[in-house]
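Visitor: What follows is a single structure, and I will ask about it in a moment.
The values are calculated or read from the model by the stated rules, or taken from the named source; none is laboratory data. Treat the numbers as computed from the prediction; the structure is a model and nothing was measured. Positions of Cβ are backbone-derived with ideal geometry, glycine not excepted, and every protein chain shown enters the neighbour counts. Each accessible area value is taken on the protein alone, full model and side chains, heavy atoms only, with ligands, DNA and RNA left out. Shrake-Rupley method; radii C 1.70, N 1.55, O 1.52, S 1.80 Å.
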Amino acid sequence: MSGRCYRCGVRQNTCVCEAITPIETQMRLVLLMHPKEFKKQLLGTGRMTHASLPNSEIIMGIDFSQDRRVNELLSEPQNFCTVLWPGENALAWSGDDSLPAQLNGRKLVVFLLDGTWNCARKMYRLSHNLHELPKLALNPTKPSAFTIKQQPDVRCLSTVEATQLLFETLESAGLEARQDWPSLVKPFLAMNAQQIKIASDPHRQAYRKGNYNPAATLERALKGTRARKLF
């Protein structure tokens, strides 16, 4: 492990741990992480999210139907469990918001599937215990800053970006105290900028060479799409 960060395990010259700021939250975030993401992505945005939120946990798997910890959280009467997942029947967030009333003093627990979009769809399809949970769907107003990865849709966000938007929405609904939510994405932005710099340097080895699509291009693409709820 010489030359590597003892916390995240990556090389110290690519580590972004210094940019992580822990934030205490009322809501508990449960990251359901695909094994590929868990084992290979040391700099994954799910791990960044967990490192920034003490009131969060990671559960690895694909089918969580029989997962002991997931079912323990679902069966706790003091928990109000939801899943962050796109859908027309998702809980509303404005006007006559129904979520605060439904909580009725219970603790909000949000499950977030962390993996590629194809992996996340499979995880949700197999995990039958998640199907009956209320869905939360967010409506991003700007594209993901994750320019080093190709997204299936310009409205798709990384795990940490979706988490930031989720907490900002919860704050606006009176379910979270005011916090420095943009700090959640600081390590993500640092990692993104770092990889872009490496790719543009002709003298360094990298899995990718050349420039990535600028954010302005993605912004124009987002404005040209039909509005629908996605996280």
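Visitor: Provide a single number: the residues in the stretch 34-72 that are outside any loop (DSSP other than H, G, I, E, B) and at pLDDT 95 or above.
Guide: Final tally of qualifying residues: 10.
Visitor: So which of Leu189, Leu103, Leu157 ends up being surrounded by fewer than 19 Cβ atoms within 10 Å (Cβ to Cβ), closer than 22 Å to Pro22 by Cα, modelled with pLDDT under 90 and of a type outside the set (Phe, Trp, Tyr)?
Guide: Unique residue meeting the criteria: Leu189.
Visitor: Now a separate question. Say we look at the stretch 106-141 and pick out the residues that are of a type outside the set (A, V, I, L, M, F, W, C) and assigned to a strand (DSSP E or B); which of these is surrounded by the fewest Cβ atoms within 10 Å (Cβ to Cβ)?
Guide: Lys107
Visitor: Can I ask one more? I'd like the full set of residues that are in contact with a Gly (Cβ under 9 Å, 6 or more places away or on another chain) and open to solvent by 10 Å² or more (accessible area, probe 1.4 Å), limited to the stretch 63-79.
Guide: Listed by number, the residues that qualify are Asp67, Gln78.
Visitor: Quick check, is Gly95 open to solvent by less than 30 Å² (accessible area, probe 1.4 Å), modelled with pLDDT under 90 and either acidic (Asp, Glu) or not in a strand (DSSP E or B) (or both)?
Guide: Criteria not met by Gly95.
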